Structures are given as C-alpha cells and as structure tokens.
Amino acid sequence: QAARAPWPAAADWALAPTVYCAGIKADLAGVAVNAALRARAAAGRAHGARVLDPCCGSGGVLHAAWLRGAIAQGGDCVPAMAATATANLAAFEDAVDEAHVTRLGMAAGEDAQAASSRPHVDVWDASALDCEGLGFQADACVSNLPHGRMVHVGGAAARAMGGGDNCTALRSLLVALRPLARAHAFFSPAPLAPTLE
C-alpha cells in the first residue's frame, strides 16, 4: 500500500494565530480523534463523521477532526476562548482543503458542505448540552477536560486544582456528555472510566 502524503506544512496546528497553553498537542488530538472514529473508519465511513468538542478551548481537537475529513463542532463556556477557536480555525481553511485533496484523496471541492467546511464554534455550558439542542448525535465526542479551568495533567498542580485522583467535579459534565455521541475520547487528570460505564 502506498504511503500517505504528509499533512501540508501550512496545516500544522503550531501555525495557529493563538494556541492556548493548556491545549493538547496536535498529534495527541489526532490520536484521540482517530481512536474515537475507529469503528466508522473500519467501515470506510470516516469522511463526514460528526465530531463534537464540548470544551474546545483554542480549537486544537476541532482542527484535528476537520483535517481528517470530519464535520467538527465545538464550544466553550468562555466567550474569549470560543472567539479564539473561531479565529484559529479560519486561518487554516486553504491548508485543510489542500490536506483533504493530498492526504485523504478527495477531489478538489468534494464534499464541500461536510469535510471541507470550517468547524462551527459556539459559547455554551457543556454540562447543559443535549442532542435536541445540538440538533444531532455526534459520532464522536473528543475533548480536553476538565471544563472551565486550566489543568496541568498529573502531579501536585492537578491535585491542587481538584484533578488528580478525583473526578467528582467532572461527574455532571460526563453524565451530560454521554448521550451526545456514540464514542468518546477525553483527556483528563482524573480517572473517567467509572463515570462513563
């Protein structure tokens, strides 16, 4: 099988106008999106999958999903972060279109309403989301948790901010997010499996 072309250099998330310091790295965001969409990809239906990032910060997960041909939608409870994500994603429109052609083998302009359209970003309280309000159930919910605060994963800094070994602060958010998607991939300093089961 022929090797895939690399992502176009202009699509590198490091070139975003504003990258939030607590955001996850682009390669990890891509791994999470790939993992959450693995069932669709195995069935040959990864293009046009709906990916939701309910706590999108500066938009890194949305960028990773969009780059991979997904329809990405996200939001943040902080209006300034939602505006930052919107501006960051707008900066990549041409580069992502090129990636869809070179990496995903899509014809120029193919599926313009789906995979090639820039992700939509809203201001919202993620713990109050529901499928009816969104207007859809996502194929995957991928996010860097916890919601509403900067977190250093692991160590004393995370424990001091309520992270570490305790997911009590995240419980209501995780319960709200569970029905919003068929698959989930979250980054968090707290163990989430007991809440998601």
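Between Asp27, Asp12, Asp53, the distinction of being open to solvent by less than 10 Å² (accessible area, probe 1.4 Å) and not aliphatic (A, V, I, L, M) belongs to Asp53 only.
Selection within the range 70-81: residues that are surrounded by fewer than 24 Cβ atoms within 10 Å (Cβ to Cβ) and under 13 Å from the mean Cα position of the chain (by Cα). The member of this set that is modelled with the lowest pLDDT is Ile71.
If you check Asp12 against the conditions, is it under 20 Å from Asn144 (Cβ atoms), modelled with pLDDT under 95 and among the charged types (D, E, K, R)? Criteria met by Asp12.
Based on this model, can you work out whether Ala64 counts as farther than 18 Å from Trp13 by Cα, touching a residue at least 40 places away in the same chain (Cβ under 8 Å) and hydrophobic (A, V, I, L, M, F, W, C)?
no
Taking each residue of the range 84-112 that is crowded, with 16+ Cβ neighbours inside 10 Å and in a helix (DSSP H, G or I) and looking for partners that are among the basic types (Lys, Arg) and modelled with pLDDT of 75 or more with beta-carbon atoms closer than 6 Å, six or more apart or interchain, yields Leu89/Arg118.
When the residues of the range 110-128 are filtered to those that are acidic (Asp, Glu) and over 24 Å from Arg178 (Cα atoms), the one that is modelled with the highest pLDDT is Glu110. Say we look at the range 39-69 and pick out the residues that are more than 10 Å from Ala29 (Cβ to Cβ) and in a helix (DSSP H, G or I); which of these is farthest from the chain's Cα centre (by Cα)? The extreme case among them is Ala42.
The values are calculated or read from the model by the stated rules, or taken from the named source; none is laboratory data. Everything numeric here is computed off the predicted structure, so don't read it as measured data. So basically every Cβ, Gly included, is an ideal-geometry build from the backbone, and we count neighbours across all protein chains shown. SASA here: full protein model, heavy atoms, side chains in, ligands and nucleic acids out. Shrake-Rupley method; radii C 1.70, N 1.55, O 1.52, S 1.80 Å.
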